[in-house]
1. Consider only pairs whose beta carbons are under 9 Å apart and that are at least six residues apart or on different chains; among these, list those whose first residue lies in region 124-137 and is more than 17 Å from Tyr89 (Cα to Cα) and of a type in the set (D, E, K, R) and whose second residue is modelled with pLDDT of 95 or more and part of a strand (DSSP E or B).
2. Checking the condition of a type in the set (Gly, Ala, Ser), closer than 18 Å to Asn32 by Cα and under 13 Å from the mean Cα position of the chain (by Cα), which residue from Ala136, Ala155 passes?
3. Checking Ser133 against (1) modelled with pLDDT under 95; (2) surrounded by 15 or more Cβ atoms within 10 Å (Cβ to Cβ): exactly one of these is not met. Which one?
4. Just name the residue that is modelled with the highest pLDDT out of those in region 146-188 that are acidic (Asp, Glu) and touching a strand residue (DSSP E or B) at 6+ places or on another chain (Cβ under 7 Å).
5. How do the strands (runs of 3 or more DSSP E) wholly within region 101-188 filter down when requiring 2 or more residues that are more than 13 Å from Ile6 (Cβ to Cβ): which remain?
6. Pairs needed: first member in region 168-188, touching a residue at least 40 places away in the same chain (Cβ under 8 Å) and within 13 Å of Asp69 (Cβ to Cβ); second member anywhere, charged (D, E, K, R) and in a loop (DSSP other than H, G, I, E, B); C-beta distance under 6 Å; at least 6 residues apart or different chains.
7. Test Tyr107 against the stated conditions and say whether it is without any contact (Cβ under 8 Å) to a residue 40 or more places away in the chain and among the aromatic types (Phe, Trp, Tyr).
Amino acid sequence: MKRLMIDMDNCITDAYFMERINEYLNTNYKLNDQKDFYLQNLISKEKKGGFWNYMTTHTFYGDCPLLKDCYETLKILNQKYKLYIATAYLYEESNPDISGINLKEKYDYLKKYLPFISPKQYIFISDKNLIHSDIAIDDRICNLENSDKKLLMTAWHNKDIDDKELEKKGIKRVNTWMEILKELEGEE
């Protein structure tokens with residue numbers, strides 16, 4: 001059975017991170033207007049410490065919906081593959097406790113919204129390339145390097161990467177969970 005690793009953020013769900021930034025700064029930034037993966041770069045150096053303190057009392061995920069067709073597709077894939085959710089958690093030097101908060105919220109979210117996936121299938125890791133997988137689905141190219149089949153989920157920060165550039169790296173772009181299901185037909 002092939003090993004399938006799936007990223008959480010921007011693949012399974014979009015966290016409320018941009019909404020929290022907007023609440024804290026009293027701004028109206030839009031996710032699709034951003035190019036930088038690190039949304040926290042929208043916050044000035046002077047306000048960053050305060051933002052991380054703010055995040056210790058505000059949820060990253062709450063009731064964020066799963067992406068469209070994610071639940072049904074993951075249910076199917078969980079039967080066909082050794083499926084793992086491999087997700088990084090935040091680390092902020094000015095407030096290292098944010099890591100534990102983010103980690104707990106990710107665990108709770110996965111357990112609540114994907115109850116058919118065992119916590120034994122969660123991998124909390126910063127460097128996903130430490131693990132080899134037969135197939136990986138992620139929104140960051142750098143997280144696909146140690147996988148045989150590489151599927152890049154379109155997100156705000158990668159939408160302008162040319163498909164020819166992805167093809168040179170052996171990466172296939174996917175936009176929806178239905179595309180993923182179709183792409184993986186016959187792979188198991």
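The values are calculated or read from the model by the stated rules, or taken from the named source; none is laboratory data. Just so it is clear, the structure is predicted and the values come from calculations on it, not from any experiment. With ideal geometry, Cβ positions are generated from the backbone for all residues, glycine too; neighbour counts draw on all protein chains shown.
1. Within 9 Å, the pairs are Asp134/Arg3; Asp134/Leu4; Asp134/Met5; Asp134/Lys82; Asp134/Ser147; Asp134/Asp148; Asp134/Lys149.
2. Details: Ala136 fails: closer than 18 Å to Asn32 by Cα.
Criteria check complete, one pass: Ala155.
3. (1)
4. Taking region 146-188 and keeping what is acidic (Asp, Glu), we get 148, 160, 162-163, 165, 167, 179, 183, 185, 187-188.
When the remaining residues are screened for being touching a strand residue (DSSP E or B) at 6+ places or on another chain (Cβ under 7 Å), the result is 148, 163, 183, 187.
On the way: Asp148: 97, Asp163: 91, Glu183: 94, Glu187: 71.
Checked region 146-188; the qualifying residue modelled with the highest pLDDT is Asp148.
5. Details: elements: 122-124, 133-138, 147-153, 171-174.
Here the list reads 171-174.
6. Trp177/Asp69; Met178/Asp69
7. Details: without any contact (Cβ under 8 Å) to a residue 40 or more places away in the chain: yes; among the aromatic types (Phe, Trp, Tyr): yes.
Yes, satisfied.
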